[in-house]
1. Using only DSSP helix segments of four residues or longer, with each worth -39500 (n - 2.57), what per-residue ellipticity at 222 nm results for the protein assembly as shown after dividing by its residue count and rounding to 500?
2. Helix B:41-72: angle to the longest alpha-carbon principal axis of chain B, degrees 0 to 90, nearest 10?
3. How big is the protein assembly as shown along each principal axis, measuring the range of its Cα positions in Å and listing the largest first?
4. Any idea how far the Cα center of region A:60-83 sits from the one of region B:116-146, in Å?
5. Starting from the alpha-carbon convex hull of region A:210-252, give the projected area averaged over all orientations, in nm².
6. Give me the Kirkwood hydrodynamic radius of region A:35-82, using the inverse of the mean 1/r over all pairs of distinct Cα atoms, in Å to one decimal.
7. Within the set B:126/B:158; A:233/B:13; A:233/B:17; A:232/B:149; B:17/B:45; B:27/B:104, which residue pairs have Cα atoms separated by over 22 Å?
8. Against the longest principal axis of chain B, how steep is helix B:179-211, in degrees 0 to 90 to the nearest 10, with axes from Cα atoms?
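Nothing in this text is a laboratory measurement; each read-out follows from the coordinates by a stated rule. Not measured: the values here are computed from a predicted model. Cβ sites come from the backbone with ideal geometry, for glycine too, and all protein chains shown count toward neighbours.
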Amino acid sequence: MAFEKIHTEKMVLHYGSKMALNDITISIPEKKVTAFIGPSGCGKSTFLRSLNRMNDLIEGVTIEGKILIDNINIYDKNIDVVTLRKKVGMVFQKSNPFAKSIYENVAYGPRINGVNDKKQLDEIVENALQNAAIWEEVKDRLGDSAMGLSGGQQQRLCIARTLAVNPEIVLMDEPASALDPLSTSKIEELIVELKEKYTIVIVTHNMQQAARISDLTAFFYLGQLIEFDKTKKIFTNPEKKQTEDYITGRFG
Amino acid sequence: MESNRIFDLELKKLSEKVVKMCSQVNKQVNDALIALNQYDIELAKKVINNDHEINSLDVKIDKLCQNIFALQHPVARDLRYILSALKINNDLERVGDHAVNIAKRIAPLEDYRQLVSDLGVDKVTKETSILFADVLSLVETHDLNFCKKIYQRSATLKEDCKSIAEQILNEMMNKSEVVVVASNILIIVNLIERIAGYSNNMAESITFVVEGEIVKHKKKLG
């Protein structure tokens with residue numbers, strides 16, 4: 001049985017008095033791609049952000065239940081969120097490179113973590129850009145501004161930036177939804193490669209994308225986890241009628 | 001409320017065509033078997049001439065399935081239905097061909113109608129009609145209660161065909177003058193047995209649609 005990298009138990013989240021997530025219990029295995037699908041407002045992005053405590057930045061959010069990563073509750077008082085967010089990196093829908101050079105974008109994370117040796121930084125930057133499948137496109141212009149890259153390249157740069165601090169888990173919130181089909185295809189190929197080394201959790205509205213690249217799929221609806229299973233099962237013979245109605249486009 | 005989604009309309013169109021195909025093949029089979037039992041050459045010719053309608057519908061169903069796959073990205077039950085529609089379409093086309101082949105073999109039996117009757121061929125033709133009526137009901141309704149009946153009738157039919165085949169071989173060994181016509185009857189009986197096989201296939205396909213389980217190659221009875 002695959003190791004449970006992430007495990008939540010009866011997790012409940014409120015935005016003020018409004019319940020956004022209700023009784024979420026799920027085990028996400030390591031080094032697989034797990035996709036979260038569901039209609040807008042179902043809570044999938046909220047749940048994703050809970051996995052590295054990005055919801056701490058939103059006023060009025062309260063969480064009950066457990067969220068364990070490697071069997072440690074990440075909401076324990078003694079958890080350092082900065083260290084947590086190194087371990088559990090995040091890539092967003094809209095790429096957000098810093099207004100710096102390509103090199104500096106990737107080196108930024110290691111630098112603030114105390115890496116100052118130039119040779120070491122060069123190696124980290126190259127490895128990260130290689131792992132993000134963008135090295136060949138940028139290796140001769142690392143000093144150029146990241147803002148001059150295309151949308152797809154910027155997104156891969158953001159992935160490289162996340163990888164540069166050696167995460168174990170990479171969360172992706174609709175990473176390709178703002179990209180053209182060719183760039184989307186490159187991101188999808190990259191995600192399938194990345195799962196060799198990292199645990200990937202991806203939120204997507206594109207069900208064909210979830211079907212193409214994920215090993216497991218979780219279907220959320222109105223803040224609840226309706227069904228979670230191997231992607232093949234979800235897309236060929238789901239257990240719940242709600243799941244079938246959603247993936248066949250009959251609602252949502 | 002009926003859906004007006006393009007996908008649902010396409011699925012409805014496909015379903016109607018598959019049911020139509022099954023209904024037309026059912027008629028072909030029944031007409032071929034009536035022609036055999038009653039030595040009705042005109043009816044046999046009608047079966048042969050109507051085959052082009054079956055073939056035309058076969059092509060339309062294949063094209064419709066191809067379009068749905070390409071344009072609609074079906075999943076789950078929809079996907080299973082379309083995959084099964086392709087298989088059922090193929091099986092029905094083959095059954096249609098068998099009905100035509102039976103019809104083509106009736107004319108040489110003119111002087112041997114008593115032999116055909118003595119061999120008990122009318123028993124298996126009646127069983128085939130009832131079996132295929134169940135297949136049509138199953139394809140129309142997707143009611144899996146028909147599956148068990150189909151498996152049971154098919155098993156009985158195959159046994160009866162085997163028994164007739166043995167009798168035919170005995171006739172051939174004992175009376176050399178009937179070898180040619182007996183061979184013809186043997187082929188007809190084999191074609192009827194094949195129709196039983198395709199009936200089983202279609203029951204398996206509908207089970208796959210409804211339950212999501214692949215049951216082919218699994219024991220069905222006992």
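1. Working: 17 runs with 274 residues, N = 474.
After summing the helix terms and dividing by the residues of the protein assembly as shown, the value is -19000 deg cm²/dmol.
2. 20
3. The Cα atoms of the protein assembly as shown stretch 103, 51, 43 Å along their principal axes.
4. That distance is 65 Å.
5. Numbers: hull surface 11.2 nm².
If you wrap the Cα atoms of region A:210-252 in a convex hull and average its projections, you get 2.8 nm².
6. On the way: mean 1/r = 0.0836 Å⁻¹.
In region A:35-82 this quantity evaluates to 12.0 Å.
7. Long pairs (Cα-Cα over 22 Å): A:233/B:13; A:233/B:17; A:232/B:149; B:17/B:45.
8. 20
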